[in-house]
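Scroll down for the structure; my scribbles are underneath it.
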Amino acid sequence: MDGEYQKGPDQRTVKEPEDSFVPTPMQVAQSLRRFAEPPLRAAYHVAREVVLYPRAQRILRAYEAHYQEARRVYASKGHTMKQALTQVLVRAFSADKPDALLTLPDRYGPCVERIRRYAQAQLERSACCWLFPKPPTGPFPEAVRDIPAVREGAVIAVQLKDWLSVEGLDELCDIVLPQLEANVYGTHLIVDKVYVYRNLVSRAKEQVSWTWHYDNHPPGITKLMVYLTDVTEQTGPFEYLRSARTKEALYRTPTPLSGYGRISPSRLQRYLAEGYESCRVTGPCGTLLFFDENVVHKANVAKSGVRDAVVLQIRPATFRPERYIDSRWTGSFQHRDFNADPYDTVPRLKEGMLSG
Ligand SMILES: O=C(O)CCC(=O)C(=O)O
Ligand SMILES: [Fe+2]
């Protein structure tokens, strides 16, 4: 290994995205066929792809250049990469399994316990949370469990509103992120998003992250997920697709701007027929998952119990942050997934979201 972090996935696992902006003759034919059906919608899709293609390519190039600059800055301060990870894909860590890439020291357990206690208390109070999908507006009773839509199983997840005051997160970052800076990225890192949420037992239709997808973000943006409850097959584990033979996760090349990359049921069937299998990550409270957002994955609705988790979306930075989590560069559910300009670290509200 030459110390280079190669983000590019193993060619064997690369699949072209369904919504790729590089139209193959087949896609062009499909687009033309769509004109004959619901004409306005098809015309909209074709026009959108044509208009967005150069912009999507510019974003990918800008992220790549930004990453190179972030590595130059990190190296210029005398930091060296201790080892390099060729591909992030999906990795699970726990305190009792030593791993050269990431060591979880003794203070990790108490740190997770602090986060767990805080998150659990907040996720039970209606005033502290958003519900997904959003039920008709309140007034809501004080306890989340008493909200009629929750009792009826119409809610999939409860999301914490205030990501900045979660106790223990700074310490979690101080434990994990310096190791990822030195062992994976070779750059300084910032926490771009904090998501704390609970997957509930629900009979609502699986949607967005609860269907098979890849996040479709520029390379270099990854996620750390820490389970805050014991997670079994029943309580809504993280699930991903991997090769049944090599156990390597399935990676999809991103095409930013076209939304999250949904994997259709027929596409999933094809993957399974081609030798991929699904893997549900179970484990005790404190299990830590580090994953590339462009692996094919999904969240699960709990069949019993609940699953609480904190997710940190991280990205390289061209500066050394005083704190990894800071409202100057950290956002949450109400913010856009990523900014088109990699140097723009300000959390930008999603359209239609009010601050706070
Ligand atoms: O909650 C989960 O298990 C997965 C959520 C997800 O899709 C993501 O964090 O990108
Ligand atoms: Fe996702």
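All of the numbers you see were taken from the coordinates with simple rules; none came from a lab. Just so it is clear, the structure is predicted and the values come from calculations on it, not from any experiment. No Cβ is skipped: glycine too gets one built from the backbone with ideal geometry, and neighbour counts run over all protein chains shown.
Using 0.36 nm per residue, how much length does the chain from V50 to E152 gain when fully extended, once their Cα-Cα distance is taken away?
32.3 nm
Less than 19 Å from a label point 7 Å out along the Cα-to-Cβ axis of A65: which backbone N atoms in the stretch 221-263 qualify, by residue?
Correct set: 221, 256-257.
Name the most mobile residue of P148, P39, P265, meaning the one with the largest mean-square fluctuation, in a Gaussian network model of the chain with Cα contacts below 10 Å.
Top of the fluctuation ranking is P39.
Around P105, under 12 Å between beta carbons, what's the net of Lys plus Arg minus Asp minus Glu among the other residues?
Overall, the nearby charge balance is -2.
When 1/r is averaged over all different Cα pairs and the result inverted, which Kirkwood radius in Å belongs to the stretch 85-185?
Taking every pair of different Cα atoms in the stretch 85-185, averaging 1/r and inverting gives 16.1 Å.
Which helices, counted as full DSSP H runs in the chain, have an axial Cα extent of no less than 27 Å and a Kyte-Doolittle average of -1.0 or above?
39-76
Return the whole-Å distance between the Cα centroid of the stretch 99-117 and the Cα centroid of the stretch 60-76.
Answer, in whole Å: 30.
At 0.36 nm per residue, and after removing the present C-alpha to C-alpha distance, how many nm does the segment from Q120 to D341 gain when stretched out fully?
76.0 nm
Work out the length of the dipole vector of the chain about its Cα centre, built from +1 on the beta-carbon of each Lys and Arg and -1 on the beta-carbon of each Asp and Glu, and round it to the nearest 20 debye.
The dipole magnitude comes to about 720 debye.
Return the single residue from T282, T246, T86 with maximal mean-square fluctuation; model: Gaussian network over the chain, springs between Cα atoms under 10 Å.
Ranking T282, T246, T86 by mean-square fluctuation puts T246 first.
Starting from the alpha-carbon convex hull of the chain, give the projected area averaged over all orientations, in nm².
Result: a mean projected hull area of 18.9 nm².
Name the shape class, rounded, prolate or oblate, that the alpha-carbon gyration tensor gives for the stretch 188-288, where a ≥ b ≥ c are the square roots of its eigenvalues, rounded holds for a/c under 1.5, and otherwise prolate holds if a/b is larger than b/c and oblate otherwise.
rounded
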